[in-house]
Amino acid sequence: MPRDCAALEPFLHDFLTLKKLRRTGWQLRGLRTGESLADHCFGVVLLTMVLADQITTHRLDRARAMALATVHELAEARVGDIPFTALKYFPDKGRAEDHAMRDLLEPLGGPGEEYLALFREFEANTTPEARFVRAIDKLEMLVTARDYEHTGMESLGDFWTNTSTFAAFAEFPEIEALARHLAATRDRKTRPQQF
C-alpha cells in the first residue's frame, strides 16, 4: 500500500468508472440500461471460480484464473469498451490497453506490477488459465445475452452465430457444453422457472 493514500485516488476513480460504463455491445443493440463493465467483470470472476474445478482437459490454478478474470477488463476504465464491430478500426488496441494498465496501476507500486503481469498473461492467451478466462468471458456474454432475450430483446442473434465466440470454447468441452445448452434454451418459452 502506498504511504500516501492520496496516490490511490486515480485508481479509485478508474475502479468507479468501470461501475459507470455500460457495455457497448448491448447499447448498439438498443439496450440503454444494460450491464456495466463492472457487472460483466463480476460475472466473469464468479463463473471462473465456480467452473475452474469442473474442467477435465487441464488442471487449472483457480486462484490464478480468478486473478486474471479480475484484471481482464480493467484497462477499459481508461480506453472504453470497444465493441467487436469496431475492432478492425483499432489495430493498436492491445498497445493502448497495455499503456492504460501501466498508467492505472502505477500508483499501486509493486502489487501493480503483479497485476500488470496478470493482464499481459491474459492478453497473450498462452497459458491454460488465460485461455480458460477468455472462454469464460465469452460464456458470461452468452449467459447475459440469453437473459436479455428472455426479457424480450430480439436483436442478439449475432451473439450466437459469432464463430470466434464458440472457437474460444473448443479447448474446454465442459464450457462448450454449457454454451450449447444456453443456445438451445434461448426461446423465451423455455426460460428457467424463477422462484
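Worth pointing out:
- For the range 113-142, filtering for residues that are under 12 Å from the mean Cα position of the chain (by Cα) and aliphatic (A, V, I, L, M) leaves 7.
- Note on the range 70-99: residues that are part of a helix (DSSP H, G or I) and in contact with an Asp or Glu (Cβ under 8 Å, 6 or more places away or on another chain) total 7.
- Within the range 130-171, the set of residues being of a type in the set (Gly, Ala, Ser), part of a helix (DSSP H, G or I) and at pLDDT below 90 comprises GLY157, SER164.
- The number of residues in the range 119-128 being out of contact with any His (no Cβ under 8 Å at 6 or more places or on another chain) and either part of a helix (DSSP H, G or I) or among the basic types (Lys, Arg) (or both) comes to 4.
- Candidate set: the range 3-23, residues that are over 24 Å from the mean Cα position of the chain (by Cα) and part of a loop (DSSP other than H, G, I, E, B); chosen: the one farthest from ALA77 (Cα to Cα): ARG3
- In the range 141-170, the residues that are free of Cβ contacts under 8 Å to residues at least 60 places away in the same chain reach residues that are β-branched (Val, Ile, Thr) with C-beta atoms within less than 6 angstrom, at least six apart or across chains, in these pairs: PHE169/ILE175.
- Restricting attention to the range 1-53 and to residues that are among the aromatic types (Phe, Trp, Tyr) and within 27 Å of PHE169 (Cα to Cα), the residue that is surrounded by the fewest Cβ atoms within 10 Å (Cβ to Cβ) turns out to be PHE42.
The values are calculated or read from the model by the stated rules, or taken from the named source; none is laboratory data. Keep in mind that what you see is a predicted model, and the values were worked out from it rather than measured. No Cβ is skipped: glycine too gets one built from the backbone with ideal geometry, and neighbour counts run over all protein chains shown.
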